[in-house]
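These notes concern the structure reproduced below.
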Amino acid sequence: MSNESRVERWVRPEIRAISAYHVASSVGMLKMDAMENPYDFPESLKGDVSGALSSAAINRYPDPEASKIKAALKSLYGLNESVDILFGNGSDEIIQILAMVMGGPGRTILSLEPSFVMYKMIATFTGSEYVGVPLSSDYSIDIEATVAAIEQHKPSLVFIAQPNNPTGNLFSDKALKAIVEASPGVVIIDEAYTAFTDADYMSWLNDYEHVLIMRTFSKVGLAGLRFGMLYGAPVWIEQFNKVRLPYNINSLTQSVALNALQNFDLLLEQTEQLRRDRESLYNALSEYTSFKVFPSEANFILVRLPHSAKKVFEGLKEQGVLIKCLDGSHPMLSECLRFTVGTQDENGRLLQALKSVTGSLGLA
Ligand SMILES: *Cc1c(COP(=O)(O)O)cnc(C)c1O
């Protein structure tokens, strides 16, 4: 039997049907496509990090509980014993753990669309049913349709990105409450962009036992570290921990993450700067009268062009600026581009390249 036929025979059809998560090559490019923090790790901390790394006992298995980081986070957020924390190799791994525990054949994972694509992908990997409820045309939650879908499909797991990616907006508390109160299973509020908004749902853990809060270090300057967190009631975290591979957070990650937490204010200075520069970038993009520029509570800005979004994306790429083209990824994102907020210099270079590309396409 040829390998082709073996693949055909044995790889699950839903896996054969999808393509791998695509990461665009960015060698030599100005990288404004992936919501990374453009600033390097603060210079003053690099010494501490190399010290921590050289003293890490890499001949031994890591602390399976990452207990020092847990203690540091609990004190940072003033959490008591009614909240426990699960750590993942990025929040992507947490989504996978959740889907393995709560999903599977005959179970439904529900999210909103358009939103973060990993919810649907991981639902597929785990053989779960997936329901994506369309947002309204202004990207707010259609409360009636969402509650109806929850009542119909009874999802074990609901994912809500707050603020939402790739649209950048916050959903209303009223909509989130309606979803939480209608949900028979668990609701995950994914606060990946918490550093870029004043909205904060940690206190909902006190109000709702079936709500958990997911956060990540990726968008605050440590995307390369792969470190995600899930906060929630110990009864849930205990179940999720059973499926987590014992040493998923390696010793080097633990030591850098601890160092970053002890100096979190330095990272927050960078995100504060990005919040200010988001406003300047928003204003500059809004000067194009034919563009619809969506307000953002995250470190990126979504823009809808009247036409030629793909050409603008290609034109920027030719000029060495990589952004995200969302046209074609979802019907509600046609002609949409997403710009990650960079340093002032990077934003300036982006705007300059945009000017020359749009000029030749008759966009103003
Ligand atoms: C970027 C992003 C994540 C993924 O974070 P990692 O910790 O890097 O895996 C999760 N949720 C949303 C909504 C994101 O945009």
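What follows is calculated from the coordinates using simple rules that are stated; it is not laboratory data. Everything quoted here is computed from the prediction, not taken from an experiment. Heads up, the Cβs are rebuilt from the backbone with ideal geometry, glycines too, and the neighbour counts pull from every protein chain shown.
Averaging Cα coordinates gives a centre for the stretch 57-113 and one for the stretch 186-224; these two points are 12 Å apart. Of the DSSP beta bridges with both residues in the stretch 60-263, give the percent that are antiparallel, rounding to the nearest 5. Antiparallel: roughly 35 percent of the beta bridges in the stretch 60-263. Going by neighbour counts of Cβ atoms within 10 Å, the residues 278, 12 line up, fewest first, as 12, 278.
Which value, in debye to the nearest 20, gives the size of the charge dipole of the chain about its Cα centre, when Lys and Arg are +1 and Asp and Glu are -1 at the Cβ?
Working: 32 positive and 42 negative charges, 192 e Å.
Roughly 920 debye, rounded to the nearest 20.
Along each principal axis, taking the top coordinate minus the bottom one, the Cα set of the stretch 204-271 gives 33, 29, 17 Å in descending order.
Look at 204, 236 and count the other Cβ atoms within 10 Å of each Cβ; fewest to most, that gives 204, 236. Under the convention that each Lys and Arg Cβ holds +1 and each Asp and Glu Cβ holds -1, the size of the dipole of the stretch 60-263 around its Cα centre is about 720 debye. When +1 charges are put on Lys and Arg Cβ atoms and -1 charges on Asp and Glu Cβ atoms, the dipole computed for the stretch 1-64 relative to its Cα centre reaches about 400 debye. Averaging sequence separations of C-alpha pairs under 8 Å and six or more residues apart, then dividing by the length of the stretch 198-258, give the relative contact order as a whole percent. Value for the stretch 198-258: 26 percent. The value obtained for the chain, namely the Cα convex hull volume divided by the number of residues, is 165 Å³ per residue. Membrane-span-like helices in the chain, defined here as complete DSSP H runs extending at least 18 Å along the helix axis by their C-alpha atoms with mean Kyte-Doolittle hydropathy no lower than -1.0, are 43-55, 264-286, 344-360; this is a sequence and geometry rule, not a statement about a membrane. Remark: 177, 324 ranked as 177, 324, counting other beta-carbon atoms within 10 Å and listing the fewest first.
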